[in-house]
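Accompanying notes for the structure given below.
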Amino acid sequence: MVTATSARPRPRIRQTQLFIGGQWVPARSGKTFVTVNPATEEPIADVAEGDAADVEAAVRAAREAFDNGPWPRLDARARGRLIHRLCDLIEEEIDELAALESLDNGKPVSDARLGDIPLALDCLRYYAGWADKIHGQTIPINGNYFCYTRREPVGVAGQIIPWNFPILMVAWKWGPALAAGCTIVMKPAEQTPLTCLRLARLAQKAGIPDGVINVVPGFGPTAGAAIVKHPGIDKVAFTGSGETAQIIMKQAADQLKRLTFELGGKSPNIVFADADLDAAAVGAHVGIYLNQGQCCCAGSRLFVEDSIHDAFVERVVAGSRKRRVGDPFDPATEQGPQVDKAQFDKIMGYIEAGKREGATCATGGKRVGERGFFIEPTVFTGVTDGMSIARDEIFGPVLSVFRFADVEELVRRANATSFGLAAAVWTRDVARAHDVARRLRAGTVWVNCYDVFDAAAPFGGFKQSGFGRELGERGLEPYLETKTVTVSLAPPGGR
Ligand code: NAI
Ligand code: MG
């Protein structure tokens, strides 16, 4: 179903410059780049295009704020309060932030308003609560010594984020870094810089000291690479493609920089014949279609047990045809455009490959309309394990369906991927649910649900889906160093 793209009142676009040391500044080169509305293909704004010279200035500001500024020395509880204050300001502007996110990214405004931003707030408030609960241990070592550990901030964090969940990715990155007492140089994705810049403004308004958060929009090979290579950056946190992660890992090797990666997936979503099939059908849709299919944890491989395969697939297909694709600002819209032309072309290329390699396109497969990067919800059946649509991350609304007959075979095929981010199992058999959950090589396994996220529950990948975890207590680790202090208890002169 297609709804027209209408002209709507636009959110105010206030921040388009770099945010360095608490100042809004143009790029040193004077360059700008255009950010585009993917629903209309029209330009939204010119944004300052940072490169190595701007990253240099941002690192200097972040370094000064870390080495000499108040942030790491502030009472931990006061740091937590400032993060809460940022959340209060986000809540005051939540409708405009949602509109800005939708404009820049193309996601339905209701998704941003009811999904992304509440999750971002939950994450920031969760880590605000951690700020004064990060502490070490006392350790009974041999001899007459008092030994204890301190958890100290790792230093200046370079944070490079993608375009699929711009606000949420800011929260996942800033939350633990700020709670730990780190300072930040962030590069938002070139497709979606606007909400990150707005959040930097709100952070300043909240009273987070200048230099603690610096934002340098720009492109990967210039601004991104400069962050990775800069010796003043202690740690890099990256979310995006495996290809870029490999480049980053090589470039960070010289300085043995600390790295965490949250990368892609090809997650299996497994439906057994005894499952609640109504719930599983909804779960199949959420798994693949949420955020236009642009989710690292998308359930893009749907495994359906033989005996229910045809009937279940029929439901998934019928539901796919009913999805409302169109204007992200229409509250009834369920699916907006893909983020940009490159992603649109990549996805259409995989749809063509699926047809060429012999899978059946049961529904979808075409562009929607002539303007904007809209793609029909698409389901391929008869997919075999070697096809490119079975193996590669498509990152769009394209589902590949597989048939399975027995559990051993299923587990083997579900794990036969270089990825390991997420998986789901639908069954009423408790023992089988836990057994399969245990045997799947993935960082998150959902049972009888999909895409359930919580700030307290760690998220991240096995295998080439990345390393390190975000969210939860585990998400703090990459922003902390452990210092061991050993004190002799021998009295002076008493040795
Ligand atoms: P990408 O990995 O190139 O971009 C992600 C971020 O990394 C952006 O901020 C980008 O500017 C930056 N970047 C790019 N090259 C860099 C470099 N050499 N050094 C430092 N930073 C660099 O991903 P892209 O091109 O946007 O999407 C390609 C594919 O990656 C997608 O089709 C999808 O399969 C996957 N992807 C996965 C995401 C996830 O959430 N795991 C998010 C975005 C993309
Ligand atoms: Mg790229």
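The values are calculated or read from the model by the stated rules, or taken from the named source; none is laboratory data. Since this is a predicted model, take the numbers as computed values, not measurements. In this analysis, Cβ positions are derived from the backbone assuming ideal geometry, glycine residues included, and neighbour counts consider all displayed protein chains.
Please enumerate the residues belonging to segment 389-424 that are crowded, with 21+ Cβ neighbours inside 10 Å and assigned to a loop (DSSP other than H, G, I, E, B).
Passing the criteria: 393, 394, 395, 396, 397, 417, 419, 420, 421.
Can you tell which of 222, 192, 244 is in contact with an Asp or Glu (Cβ under 9 Å, 6 or more places away or on another chain), at pLDDT 95 or above, among the β-branched types (Val, Ile, Thr) and surrounded by fewer than 24 Cβ atoms within 10 Å (Cβ to Cβ)?
Answer to the check: 222.
Would you point out which residue out of 259, 290, 302 is of a type in the set (A, V, I, L, M, F, W, C) and more than 20 Å from the chain's Cα centre (by Cα)?
Going through 259, 290, 302 in turn, the sole match is 302.
Residue check, residue 386 against (1) touching a residue at least 24 places away in the same chain (Cβ under 8 Å); (2) closer than 23 Å to residue 347 by Cα; (3) surrounded by fewer than 21 Cβ atoms within 10 Å (Cβ to Cβ); (4) small (Gly, Ala, Ser), all met but one. Which one?
Here residue 386 meets the rest and fails (1).
Out of the residues in segment 352-387 meeting the condition of being under 25 Å from the mean Cα position of the chain (by Cα) and more than 14 Å from ligand 1 (Cβ to nearest atom), tell me which one is farthest from residue 267 (Cα to Cα).
372
What pairs come up if the first residue lies in segment 475-490 and is of a type in the set (Ser, Thr, Tyr), the second is in a helix (DSSP H, G or I), and their beta carbons are under 8 Å apart, counting only those six or more places apart or on different chains?
Once the first residue is of a type in the set (Ser, Thr, Tyr) and sits in segment 475-490, its partners that are in a helix (DSSP H, G or I) give 479/176; 479/177; 479/179; 479/180.
Mind listing whichever residues of segment 246-256 are more than 11 Å from ligand 2 (Cβ to nearest atom) and of a type outside the set (Lys, Arg)?
246, 248, 249, 251, 252, 253, 254, 255, 256
Can you list the helices (runs of 4 or more DSSP H) found entirely within segment 37-110 that contain at least 3 residues being within 30 Å of residue 335 (Cα to Cα)?
76-92, 94-105
Which of the residues belonging to segment 200-211 are closer than 17 Å to residue 170 by Cα and touching a Gly at 6+ places or on another chain (Cβ under 7 Å)?
Within segment 200-211, 204, 211 qualify.
Quickly run through segment 207-243 and pick out the residues that are farther than 17 Å from residue 51 by Cα and within 7 Å of ligand 1 (Cβ to nearest atom).
Those that are farther than 17 Å from residue 51 by Cα and within 7 Å of ligand 1 (Cβ to nearest atom): 238, 239, 240, 241, 243.
Out of 318, 332, 298, report the one residue that is away from ligand 2 (no atom under 16 Å from the Cβ), of a type in the set (Gly, Ala, Ser) and not in a loop (DSSP other than H, G, I, E, B).
318
Can you confirm whether segment 425-443 contains a residue that is away from ligand 1 (no atom under 16 Å from the Cβ), closer than 26 Å to residue 467 by Cβ, in contact (Cβ under 8 Å) with a residue 40 or more places away in the chain and not in a loop (DSSP other than H, G, I, E, B)?
The answer is yes, given that some residue of segment 425-443 is away from ligand 1 (no atom under 16 Å from the Cβ), closer than 26 Å to residue 467 by Cβ, in contact (Cβ under 8 Å) with a residue 40 or more places away in the chain and not in a loop (DSSP other than H, G, I, E, B).
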